[in-house]
Amino acid sequence: MLAAQFQRLFAYNQWAWRQVFPSLAQLSDAEYKADRPFFWGSLHGLMVHAVAAESIWLARLHGDSPSSLLQPADFADFAAVRAQWEAGNARWQSYLSSLTDTDLPRIIAYRNTRGDANQLPVSDIVQQVANHATEHRSQMTPVLFELGAPTPPLDYLRFCLQNAAG
């Protein structure tokens, strides 16, 4: 039952990103890459960070411990970042489709990008990925609004109502 809830949470995550992507795609490359007053420097930097985090956590779930994250310079533009997200999303969907309740408490040992050893249960990792994405979408949406490319509301409730309607 809990695995199904995590699958639904990721369906929401996928839906929410796909609500943001058209707004990002409306921006000129200069607007997309302009320095902004948040930690990742630009919408491009923030988007690459979000995609990189989803990628690295999935690698950790599969027993790998990458020593670095993808970097903004690895991607020419938003289209390249989105293509990376789509490929990663397909891998997440595959992983989640086989996830069971008995998998959730399994401990994943990994090294972070600084080489420090850590351990977390699968459930905490999956929850972190979804929460992390929500955090970064919430940083993007006011900027997109100010740039004249607002997103539709991203509330989980809207996702639920849209999916209940068909």
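General remarks:
- Members of the range 88-100 that are over 12 Å from the mean Cα position of the chain (by Cα) and not polar (S, T, N, Q): Ala90, Arg91, Tyr95, Leu96, Leu99
- Listed by first and then second residue, the pairs linking a residue in the range 41-58 that is more than 13 Å from Phe78 (Cα to Cα) and in contact (Cβ under 8 Å) with a residue 40 or more places away in the chain to a residue that is assigned to a helix (DSSP H, G or I) and among the polar types (S, T, N, Q), with Cβ atoms under 8 Å apart and 6 or more places separating them unless they lie on different chains, are Glu54/Asn89; Trp57/Gln128.
- The residue list Asp74, Asp124, Asp116 contains one member that is surrounded by fewer than 11 Cβ atoms within 10 Å (Cβ to Cβ) and of a type in the set (D, E, K, R), which is Asp116.
- Listed by first and then second residue, the pairs with beta-carbon distance under 9 Å, at least 6 apart or on different chains, first residue in the range 1-29 and more than 17 Å from Ser138 (Cα to Cα), second outside any helix (DSSP H, G or I) and hydroxyl-bearing (Ser, Thr, Tyr), are Ala3/Thr100; Ala3/Thr102.
Rule-based calculations on the coordinates, nothing more; no lab input. Values in this document were obtained by computation on a predicted structure and should not be read as measured data. All Cβ positions, even for glycine, are placed from backbone atoms using ideal geometry, and neighbour counts span all protein chains on display.
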